[in-house]
Each structure stands twice: as structure tokens, then as C-alpha cells.
Amino acid sequence: MPLSLEPGKSIKRTTLHRRYGGRTQGGISPSRKSPNVFLFTDRKQGELHGYIYDGLREDGFYDYTGEGQSGDQQMVQGNRAIRDHHSEGRELHLFRANGSNVIYVGQYEYAEHYFGEAPQTDKSEARSVIVFRLRTVGKTAPTDISPLEKLDRRPVKAIPVERQLTVETLVEPSRRAYTATRREQKLVLTYEAKLKAEGHEVCRLRLWPKGEPAPFLSDLYDETTNTLIEAKSNASRQAIRMAIGQLADYARLVKPAPKRMILLPEKPRSDLIKLAKGEGIGVIWANAAGKFIFISPAAAGSSG
């Protein structure tokens, strides 16, 4: 059953689902009654759940955050329905909430997706969210601009080490921030305090490569020594591998080339130290006495 709505027209959501099927709750509503996937956006409600990416972008794509309000979002259920709508013979239709009614924005198609960081609903952690890039199909009605368009596009920008470690504080720094943090936040703040006590200038870097839809943030940047520091909540192989990749991604944008260090809450196994050193990256960890131990790529190590 094709959708017979004109962009900009309003319809009760209950009427929409009675005619065309789909779930009556939630932002993503695949239908079994008709070959459609209905998407609903609500800027006010979305911000309560950390959906800070949604809206029209300068390049003409519409960014839409996937479903899942707790934990890292996965490519399952409604999220998978968006990604696979072409292969499943379904159309994507976007609606904007307006009380009990919804306003039809228009038809879209999946182009690609990226992963962003956003607050978890009523939780004190940040999580990974899936942000879909949707391309218009035919005529569409006017809709909200993405908050990311408020940001300047400098490739590298120094910013304060905020307690709320998400892009949200960049998008709306004046509004009351969620208490979203990473697991490694305490470690980051402790090490930041140590560096500042030693007279170092410390910040974070907001990095935005040309052509990328959203910026990403480093954990710490020691301006005094030109050192990028990536923190992890544990010393597992997976965490070390991830830190190595992140530092490689960050460092290519920083001129002159920075030193790179991984900050950990405990000593990693010797093979993981060798792995980091082999990539030209040093390691820092906190010992039982609360002192930080350093191993640089070129030295056996020292404590401080």
C-alpha cells in the first residue's frame, strides 16, 4: 500500500498506523501491513535521550539517530530496518512530532551511517549511538537543522576538559548538561590535575576532518609538551588496540606531529606495552599508591 500523503501535511499518528501499520510507539516503526518504515523525530523529546545529531545537514543529508536508549546502540531491529530497507523492498518515510499529530516531512533513503557519542537516558555514562545519513527522495517539507551545524568547521580546535565528555556540550554549552561521563572520566580528571599542578597547559582537542559529518574529541592534550593522551578504563588487549587506532586518527590532524600516550588505571601486560611501543606510543598507568608510572617508546620507564 503506497503512502498517500503530501509533504507538510499533518495526520494523527494513530490514524497513520491504522492505515499503514507499524508500531505506535518509538521513533522507528517498521510496518508488516505495508512496505514502509516510518521514522519519527521530536527535537524536544530527543534531547532528553541524547539524540543530539538529528536534523538537516549543510550537504543536504538528514542525520537520524537510531533506537536504543540504554547502552551502546546495535544494528538490530529498527536500526537494521533502516539500513536494509532497500534490500527488503521498503520505503523510509520521515515524520516530525506535533503533539498527538505528526507532520509528514517526506521520503528518504539510507546512504550510510556513522557512530556518535551521546548521553544515556538518566544515566551517568556516555554511549555509542548509530547516526544514519538519509538522502531525500523527491519533494520534502522544511524540517529542523541539525545542532551540529552550529559548530565551526576548523579541523583542530582546543576546548576545555569538560566534565560532560560528549559532543553535546559543544552543541549547546549554555543549557544544563546531562551528567554523561565515560568510565575513564575519573582517571582523565586525576591526570589532568597532576599535569596542571606541574604547570602544564591542558585541554582537549575537537577534531573534524574535512568531509566528515561530525567531529570527534580527544581525551587530553598536553599543550606544554605537545602530547596526545587517550584514556581507557582497563588494560585489556582490546582497549590498547582501540587506543592505538584512536591516537593514529587524532595525531594525523595535529601539526607538528604530537607525542602519543595511552593512560590506563593499571599496568598492562608486557606484550601490550611492546605493542604500544612498536607503534611509537608510550603508556601511563596509576599504581596502588596513586602515583603515575610512565613508559615512553624509547625508554624503559620511570615514575612520577
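Take the conditions (1) surrounded by fewer than 22 Cβ atoms within 10 Å (Cβ to Cβ); (2) not in a loop (DSSP other than H, G, I, E, B); residue 7 misses just one of them, which is (2).
Restricting attention to region 148-164, does a residue exist that is at pLDDT below 90, in a loop (DSSP other than H, G, I, E, B) and touching a Cys at 6+ places or on another chain (Cβ under 7 Å)? Yes; the residues of region 148-164 include at least one that is at pLDDT below 90, in a loop (DSSP other than H, G, I, E, B) and touching a Cys at 6+ places or on another chain (Cβ under 7 Å). Across region 72-118, the qualifying residues are those that are in contact with a Ser or Thr (Cβ under 8 Å, 6 or more places away or on another chain), under 20 Å from residue 128 (Cα atoms) and hydrophobic (A, V, I, L, M, F, W, C), and the one among them that is modelled with the lowest pLDDT is 118. Residues in region 2-30 that are touching a helix residue (DSSP H, G or I) at 6+ places or on another chain (Cβ under 6 Å) and in contact (Cβ under 8 Å) with a residue 12 or more places away in the chain: 28, 30.
Scanning region 67-84 for residues that are under 14 Å from residue 114 (Cβ atoms) and surrounded by 15 or more Cβ atoms within 10 Å (Cβ to Cβ), which turns out nearest to the chain's Cα centre (by Cα)? Within region 67-84, the match that is nearest to the chain's Cα centre (by Cα) is 73. Considering only residues in region 183-200 that are assigned to a loop (DSSP other than H, G, I, E, B) and surrounded by fewer than 19 Cβ atoms within 10 Å (Cβ to Cβ), the one that is modelled with the lowest pLDDT turns out to be 183.
Scan region 52-66 residue by residue and report those that are surrounded by 13 or more Cβ atoms within 10 Å (Cβ to Cβ), modelled with pLDDT of 90 or more and either farther than 10 Å from residue 132 by Cα or outside the structural domain of residue 134 (by TED's automatic domain parsing) (or both).
Once the filter is applied, which keeps residues that are surrounded by 13 or more Cβ atoms within 10 Å (Cβ to Cβ), modelled with pLDDT of 90 or more and either farther than 10 Å from residue 132 by Cα or outside the structural domain of residue 134 (by TED's automatic domain parsing) (or both), region 52-66 yields 55, 56, 57.
Looking at this structure, is residue 170 at pLDDT 80 or above, on the phi < 0 side of the Ramachandran plot and among the aliphatic types (A, V, I, L, M)? Considered against the rule, which asks whether it is at pLDDT 80 or above, on the phi < 0 side of the Ramachandran plot and among the aliphatic types (A, V, I, L, M), residue 170 comes out as no.
For region 249-299, a residue qualifies if it is closer than 18 Å to residue 192 by Cα and acidic (Asp, Glu), and exactly one does: 266. The test for being modelled with pLDDT under 60 and of a type outside the set (Ser, Thr, Tyr) does not hold for residue 135.
Residue-by-condition table, conditions (1) among the aliphatic types (A, V, I, L, M); (2) under 24 Å from residue 18 (Cα atoms):
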site	(1), (2)
59	no, no
67	no, yes
73	no, no
76	yes, no
116	no, no
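Residues in region 20-40 that are assigned to a loop (DSSP other than H, G, I, E, B) and on the phi < 0 side of the Ramachandran plot: 9 in all.
The values are calculated or read from the model by the stated rules, or taken from the named source; none is laboratory data. Being a predicted model, the structure only gives us computed values, none of them experimental. Because the Cβ atoms are built from the backbone with ideal geometry, glycine has one as well, and the counts that use them run over all protein chains shown.
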